[in-house]
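Chemist: Let me begin by handing over the structure; questions about it come next.
The values are calculated or read from the model by the stated rules, or taken from the named source; none is laboratory data. In this text, all values refer to a predicted model and were calculated from it rather than measured experimentally. Note that we place each Cβ from the backbone using ideal geometry, even for glycine, and neighbour counts take in every protein chain shown. Ligands, DNA and RNA are excluded from the accessible area calculation, which covers all protein heavy atoms including side chains. Shrake-Rupley method; radii C 1.70, N 1.55, O 1.52, S 1.80 Å.
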Amino acid sequence: MLRIMLNSKSMKQHPYIIILLLIGFAFISGCGDDAEKPPVDYLALAAKKIYTPPGEHDQFYGFFSGGNAGQIYVYGFPSGRMLSTIPVFSRNPATGYGYSPETKALLRTVYGFIPWDDASGTALSQTDGLYDGRWLFVSAANTPRIARINLATFETVEICELPNSAGTTASPIITENSEYIIAASRFAVPVPQKDTSIATNQNFKCMATFVKLAADGKMSIAFQVKLPGFNFAAGDAGRGASHGWAFLSCYNSEQAFDDLNANSALYDSDYIAAINWKAAEKAFDDVKHKIIKSHYYINRYDEPKQTAKSELNDFVYTLDPAEIPGLVYLLPAPKSPMGVDVSPDGEYIISNGRLAPAAVVFSFSKMLAAINDEKNDGEIAGITILNYKAVLENEVENVGIGPVNSAFDSDGNVYTAAFETSEIVKWRLSSGEVSGRINVHYSPQNILLPGSGTAKPFGDFIISLNAESHDRFIPTGTDFAQSAQMIDISGNKMKILLDFPVAGAPQSAEFIEAAVIKSNINKIISIKNNHHLYATKSANKAKVRRQNNIVHVYMAAAVSKFTPDTIGNIKVGDEVRFHVTNLQQKSGKSIGFAILGANNVNLRILPAQTRTLVWLPKSPGIYPFYNTEFTSLKYLEMSGYVRVSGKSMIISEPVDSSKIVAADSLNNNVKDSFNQDESGKQ
């Protein structure tokens, strides 16, 4: 009966019946297993699986996108313990990220200084289709950007802005040897941008941006591929047999611009866009590209100098599939697909249609045959549409209502998350036979299995990122904690091992064996490698220097002592820059710094690191500064005083730091934050 009701004709004739069915199924599945307490043997299994004894380390790192918090949250598994927060697109007052002149430039965009974003997707760097532990990439959905995190330091070291794009949720997509990070627009816009009627959206475009990775990880935009003005939701890169291709899911092939809830569901199917990036490279080499004037920043953190700089770029290369046959093909996919997931061997591409009662499996080899045999069903914007049956391998029914994405284990099983029925369904990739299902709590928006996006999945658990938690945790006002669940898949039957709260509505996560990363983390950090412009590498090098109304305090910090710890000759109207260098060189030995009246930041200075706090005293007096971290038994004594006297005779009002140009100011389009304000003005 349900299958009959869900066919396209009945959906158009009886939309309210379908809505009631979906709500009913969601309610039944969501409440079904709350009535009974788990048996004792189940609790014992869960405890054994997740318990990590005191002093022992977790087997896996888990990197969770921070969603609307703009951060990355680091967890250990199987314990589920939260270990760290890595600031990426948002300021972090606990560390000074985004406030200090060393890091502010990372948040520069053509829209100005943007200290927030929706951190949506995540991807780990790969070599030969396996995680190599070098970098983590994070996408920003609101102001389209891709960030790179150095996993030797767990710090953001680069952010690349994506021009001609809007709402990039299909990002970051990494190729199997980290040749490219790929990002596709969710929203179509005029390219290049201009003032025009929204009703002309049929002329809008989406861009698939191919960000090239150098051997040292540095990002640069290689080219952008023009796509029709659909809404691209997610993607995956080919591997193994399909290496050299990328696959993007889209909804709203109707190209509706208003009331998308109704107008983007008129067609029976949308598409998976298959992009042949090897063909794109050849077309580029054959000079089949065009140049579009587009401004965007690439912000890089110079690790030896411990300071970020911004480079403004003014054009991109574009490739148009209508002019380059074989660059892009469209695979019809029912209906409003979200996740598109490539199997470990690269042969199968699974489309998860949110409004379809099935997961659709496409065959890559059949796709190539259909291209060769010209089994087409027309074209859109000059892009060939392949025949659905010619590329189809299987339609897997009974995977729940509202499938959103799928994950693969190492034994040929696929796990599909169904949003409306709040469940994960297990089925065989070879046959499509459903072999198990489990309720989750509630409404999974994504599921992650360690290594699922590689050639060799690993781990024996799934993490379900759930949109709602309802009654799973003690209440916290009128809002609820966001929910994640850890599910054991080691046996024939899936079992929930752990509920744990997450913050910021995370949409993605990555997992990697801890041993792969731990070996790259230095336990001793040599201060000799600190080439910060204002570093103070020993206490006897500490000093105070005035440059008109700017006062540079070259400060050394060691166990229980700042040097200098008494500072005079400061005037109202001065700009005081505390350049604090942590002389300790052992990992874990951080030092904090704060001063009375500092209106925006606490510094957290890592071993052998220099960070700067800019302070504008507004009235005469005695101002204490102190260490904000419990670094030793005598951390309370780690403090000092600054004396501020009457107004400066040079400049009578507080200095606008944006108007100060240091002697080492940069040329052309490269800028740092020691000589710029937050808006990017010089």
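Chemist: Would you say T168 is under 28 Å from M486 (Cα atoms) and within 16 Å of the chain's Cα centre (by Cα)? Show your work before the answer.
Modeler: Numbers: under 28 Å from M486 (Cα atoms): yes; within 16 Å of the chain's Cα centre (by Cα): yes.
Spelling it out, T168 is indeed under 28 Å from M486 (Cα atoms) and within 16 Å of the chain's Cα centre (by Cα).
Chemist: Determine, yes or no, whether T85 is crowded, with 23+ Cβ neighbours inside 10 Å, in contact (Cβ under 8 Å) with a residue 12 or more places away in the chain and over 18 Å from P163 (Cα atoms). Full working, then the answer.
Modeler: Values: crowded, with 23+ Cβ neighbours inside 10 Å: no; in contact (Cβ under 8 Å) with a residue 12 or more places away in the chain: yes; over 18 Å from P163 (Cα atoms): yes.
Taking the combined requirement at face value, the residue does not satisfy it.
Chemist: So is S526 open to solvent by less than 80 Å² (accessible area, probe 1.4 Å) and either without any contact (Cβ under 8 Å) to a residue 60 or more places away in the chain or in contact with an Asp or Glu (Cβ under 6 Å, 6 or more places away or on another chain) (or both) or not?
Modeler: Considered against the rule, which asks whether it is open to solvent by less than 80 Å² (accessible area, probe 1.4 Å) and either without any contact (Cβ under 8 Å) to a residue 60 or more places away in the chain or in contact with an Asp or Glu (Cβ under 6 Å, 6 or more places away or on another chain) (or both), S526 comes out as no.
Chemist: Another question, if that's okay. Do we find a residue being more than 23 Å from V572 (Cα to Cα) and at pLDDT 95 or above anywhere in segment 638-653? Before the answer, list the steps.
Modeler: Of all residues in segment 638-653, those more than 23 Å from V572 (Cα to Cα) come to 638.
Cutting the leftovers down to at pLDDT 95 or above gives us 638.
Within segment 638-653, one or more residues are more than 23 Å from V572 (Cα to Cα) and at pLDDT 95 or above.
Chemist: Taking the condition in contact with an Asp or Glu (Cβ under 8 Å, 6 or more places away or on another chain), on the phi < 0 side of the Ramachandran plot and acidic (D, E), does D320 pass?
Modeler: No, not satisfied.
Results for (1) open to solvent by 30 Å² or more (accessible area, probe 1.4 Å); (2) more than 17 Å from A308 (Cβ to Cβ); (3) assigned to a strand (DSSP E or B), shown as yes or no for each residue.
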| residue | (1), (2), (3) |
| --- | --- |
| S100 | no, no, no |
| A123 | no, yes, yes |
| Y131 | yes, yes, yes |
| L136 | no, yes, yes |
| I146 | no, no, yes |
| A152 | yes, yes, no |
| T156 | no, no, yes |
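Residues checked against (1) of a type in the set (A, V, I, L, M); (2) closer than 28 Å to P617 by Cβ:
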site	(1), (2)
I462	yes, no
A467	yes, no
M486	yes, no
N492	no, no
G504	no, no
N522	no, no
I527	yes, no
V553	yes, yes
A557	yes, yes
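Chemist: Separate question: Suppose the filter is in contact with a Leu (Cβ under 7 Å, 6 or more places away or on another chain), assigned to a loop (DSSP other than H, G, I, E, B) and modelled with pLDDT of 95 or more; does S79 pass it? Spell out how you get there, then give the answer.
Modeler: On the way: in contact with a Leu (Cβ under 7 Å, 6 or more places away or on another chain): no; assigned to a loop (DSSP other than H, G, I, E, B): yes; modelled with pLDDT of 95 or more: yes.
No, not satisfied.
Chemist: Something else: Using beta carbons and a limit of 8 Å, which pairs, at least six apart or on different chains, have the first residue in segment 582-593 and among the basic types (K, R) and the second one assigned to a strand (DSSP E or B)?
Modeler: K586/I524; K589/N582
Chemist: Does at least one position in segment 452-461 carry a residue that is more than 27 Å from P501 (Cβ to Cβ) and either free of Cβ contacts under 8 Å to residues at least 24 places away in the same chain or surrounded by 17 or more Cβ atoms within 10 Å (Cβ to Cβ) (or both)?
Modeler: Scanning segment 452-461, I find at least one residue that is more than 27 Å from P501 (Cβ to Cβ) and either free of Cβ contacts under 8 Å to residues at least 24 places away in the same chain or surrounded by 17 or more Cβ atoms within 10 Å (Cβ to Cβ) (or both), so the answer is yes.
Chemist: Let me ask something else. Being surrounded by fewer than 22 Cβ atoms within 10 Å (Cβ to Cβ) and farther than 19 Å from L162 by Cα is the filter here; which residues of segment 290-319 pass it?
Modeler: D302, E303, P304, K305
Chemist: With the condition being open to solvent by less than 20 Å² (accessible area, probe 1.4 Å), hydroxyl-bearing (S, T, Y) and at pLDDT 95 or above, I'd like the strands (runs of 3 or more DSSP E) fully within segment 169-257 carrying at least 2 qualifying residues. If you could, list the steps in order and put the result at the bottom.
Modeler: Values: elements: 170-174, 180-184, 206-213, 219-227, 231-237, 245-251.
It comes to none.
Chemist: Now, a different point. Output the residues belonging to segment 483-498 that are polar (S, T, N, Q) and either assigned to a loop (DSSP other than H, G, I, E, B) or surrounded by fewer than 20 Cβ atoms within 10 Å (Cβ to Cβ) (or both).
Modeler: S490, N492
Chemist: Only residues that are charged (D, E, K, R) and surrounded by fewer than 17 Cβ atoms within 10 Å (Cβ to Cβ): list them for segment 501-523, please.
Modeler: Residues satisfying the conditions are E513, K518, K523.
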